[in-house]
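This report concerns only the one structure given below.
The values are calculated or read from the model by the stated rules, or taken from the named source; none is laboratory data. Just so it is clear, the model here is predicted, and its values are computed rather than measured. Cβ coordinates were reconstructed from backbone atoms using ideal geometry, including for glycine residues, and neighbour counts include every protein chain displayed. Keep in mind that these areas ignore ligands, DNA and RNA; they rest on the heavy atoms of the full protein, side chains included. Shrake-Rupley method; radii C 1.70, N 1.55, O 1.52, S 1.80 Å.
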Amino acid sequence: MSEINTNQSYVASGDAKNNNYLLPLTAMTTLFFLWGFITVLNDVLIPRLKAVFDLSYTEAMLVQFCFFSAYFIVSLPAGAFLKRYGYKNGVLTGLVVAAAGCLLFYPAVVVHEYWLFLTALFVLASGITVLQVSANPYVAALGPEKTASSRLNLAQALNSLGTTVGPAVGGMLLFGAGASMATDASADSVKVPYLILAGALLLIAAVFAFLKLPTIEAHTEEGDCKARGHKLTEAPHLVMGVAAIFCYVGAEVAIGSFLVNYFAEPSIAGMEEHTAAKYISYYWGGAMVGRFIGSAALQKISPSKALMFNAIAIIALLLLTMSTDGKLAMFAVLAVGLFNSIMFPTIFSIAIEGLGSLTSKGSGWLCLAIVGGALIPLAQGLVADSAGIQISFVVPMVCYVFIAWYGLNVVSLYKQWQQKVDS
């Protein structure tokens, strides 16, 4: 970002030495699309399983808990794996593990046990975790460091394309063209979508096995820089970035998880589930549009200031959706997606800046923080069960307050780290 400018350069072997980044960037963005599509299916899967197994909101949020807890358990081992075996092997491993998780949905439907669905989601998310730990720092490194935020926003825009089409496709496959879950509470419709995803993941793994991807030498011990000898805990911009990722992912996932049931509320829209599922695409579609805009804007605008502005805008929108009803409340919460857009890639690129050979480990820390997607929705579920869905949006709002603070203070936090490595 403009206020943070290190002398670290990312050096890649092979074609990347000639700045030929197009092929590897194109290949990696397909992964961003795919895991976005898979992750957002949870927003449609939750109300389906809630009806099938007659769950409370808290019990239904175990879907997100099991999915995103994988990030907490798998991220650090994934970072160590990448350090030893490289980004390409990380991508291949992640794809195969994610495919195995998708295949587990078939026996889960046959046995008809909720715990087996949760197990399948955990395995699937473990593969997605390895992909995240691999792809985010790799995309950030394929080009000048000063435009890392811009590249990650572009890649995340493709991720948002997946999250935009995911709810519409998932709603059609899981709910049918117009059937309400209340009259068709069956888990059988879950089998086909996840079998298709398993096939797609294995096909992409086969393609990646034959791709020649450049090695990022600055992320290896041999390409170490002044960061050597320091610990990640000494990098305050990373430590607080971890907390910011925790808050952001938790808040974004929590809001998306409640939209179907929120729009079904008589005071909001009174929609049936299959209709409400289509509107989730507007939430994630806003993030997609915002990321394309952000990819261009962040080449000239300070990422930290953009982050703070967007967080404040979301706080205002959540206050609006909690204090009103009808279409105003509905479209206020949908608009959150637009301002969510730049947050993950911006926080990620700011937090790993200047880490040098510690980058892959730092990436593991940041992906570990995605466990916020497991805990924040569960916390919102508890509030929703006790005080109602509308009031429960206070939980993600508190998360955005912290993100606004991070945007305001990250430059000074980074300077503290720079002083340590220069001393």
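Points to keep in mind about this one:
- Length added when fully stretched, Ala296-Ala209, from 0.36 nm per residue minus Cα-Cα: 28.1 nm
- Trp405 paired with Phe53, simple spin-label distance in nm, labels 7 Å along Cα-to-beta-carbon: 3.5 nm
- With DNA, RNA and ligands ignored, accessible area of Lys231 (1.4 Å probe; Å², nearest 10): 130 Å²
- The chain: C-alpha pair distances exceeding 39 Å, %: 15 percent
- When the charge dipole of region 43-156 is built from unit charges on Cβ atoms (+1 for Lys and Arg, -1 for Asp and Glu) and taken about the Cα centre, the candidate among Phe67, Pro47, Trp115 whose Cα reaches farthest toward its positive end is Phe67.
- Under 5 Å from the amide H of Glu265 lie the amide H atoms of Gly270, Met271, each residue being 5 or more positions distant or on a separate chain, with H modelled from the backbone and absent for Pro and chain starts.
- Two tests apply to each whole DSSP H helix in the chain, Cα reach of 18 Å or more along its axis and mean Kyte-Doolittle hydropathy of at least -0.5, and the ones passing both are 22-52, 62-85, 87-103, 114-141, 148-175, 191-209, 236-263, 273-297, 303-323, 372-387, 394-422.
- A simple spin-label model places pseudo-atoms 7 Å from Cα toward Cβ; at Val394 and Tyr85 they are separated by 4.7 nm.
- For the chain, the 222 nm mean residue ellipticity estimated from helices alone, with every DSSP H stretch of n ≥ 4 adding -39500 (n - 2.57) and the total spread over all residues, rounds to -25000 deg cm²/dmol.
- Whether region 66-105 is rounded, prolate or oblate, judged on the alpha carbon gyration tensor where a/c under 1.5 counts as rounded: oblate
- DSSP loop GluC sites (Glu not before Pro) with at most 16 other Cβ within 10 Å: longest gap in the chain: 114-423
- Full-extension gain in nm, Leu76 to Val289, via 0.36 nm per residue minus C-alpha separation: 73.5 nm
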